[in-house]
Each structure stands twice: as C-alpha cells, then as structure tokens.
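Reading through the structure tokens given below for one structure.
The values are calculated or read from the model by the stated rules, or taken from the named source; none is laboratory data. Remember, predicted model here, so these are calculated numbers, not experimental data. Cβ placement follows ideal geometry from the backbone for every residue including glycine, while neighbour counts extend to all protein chains displayed. These accessible areas exclude ligands, DNA and RNA; they are computed on the full protein's heavy atoms, side chains included. Shrake-Rupley method; radii C 1.70, N 1.55, O 1.52, S 1.80 Å.
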Amino acid sequence: MLSREKIGFVEIKTAVNEGSQLINLTKKGHGITYPSFPQEIIAKGITPERRWYLYEEVRQHIQDPSKRDSYCPLPSVAKPKTQPRKKN
C-alpha cells in the first residue's frame, strides 16, 4: 500500500492473513522531501508557419467536420511569406 505520509516506501504483505512489511523504494542517500515534483516545462507553442500548414494541408483530412475547427483552426496571425528554397 502506498501512503502520502510515507513517501518513498510501500507496505507489502506476502499473504492476506500475515503482517505487513515496509519496503524503501528509494536509492540509498537520496532523501525525498514532500512535495517532490519535477520542474514545469512551458511549451513554446506552434509557429505561424506550422499553424498555416495545419490549416491548409491537414484540416481537410479530419473526417469529422465538427472537429476541424478545434484541431486545425484558422490562424489568427498573418500568413508568413515563404522563402524560396536554395538549390544544392
């Protein structure tokens, strides 16, 4: 059994009618403090080029028309000018 009061430990039984045992799941020397949450990573978002690509190229392939606006909405930013590709 896991418990908020005993972070890093699990209480186990080898049989239903036997006593329980407390097992430490953490590595030695690595104490856990509560709360021990990972650092939040904020997404940068989708570039204007990618938004327009999704709207113009992907939207038509969404089978349910009612979901097209939520998956690939009309971008609220102006369409970026495309740069001509360089030939190798």
Problem - Every pair of residues 6+ apart whose Cβ atoms lie under 9 Å, when the first sits in segment 27-53 and is closer than 30 Å to L74 by Cβ while the second is exposed (fewer than 10 other Cβ atoms within 10 Å of the Cβ) and at pLDDT below 80 - result: E49/T82
Handout entry: Unmet criterion (only one of (1) modelled with pLDDT of 85 or more; (2) open to solvent by 80 Å² or more (accessible area, probe 1.4 Å)) for P73
Key = (2)
Exercise for the section: Hey, can you tell me all the residues within segment 1-19 that are touching a Phe, Trp or Tyr at 6+ places or on another chain (Cβ under 8 Å) and either surrounded by fewer than 10 Cβ atoms within 10 Å (Cβ to Cβ) or touching a residue at least 40 places away in the same chain (Cβ under 8 Å) (or both)? Expected result: R4
Practice task
Examine segment 58-68 for a residue that is part of a helix (DSSP H, G or I) and either open to solvent by 100 Å² or more (accessible area, probe 1.4 Å) or of a type in the set (D, E) (or both), and state whether such a residue exists.
Solution key: yes
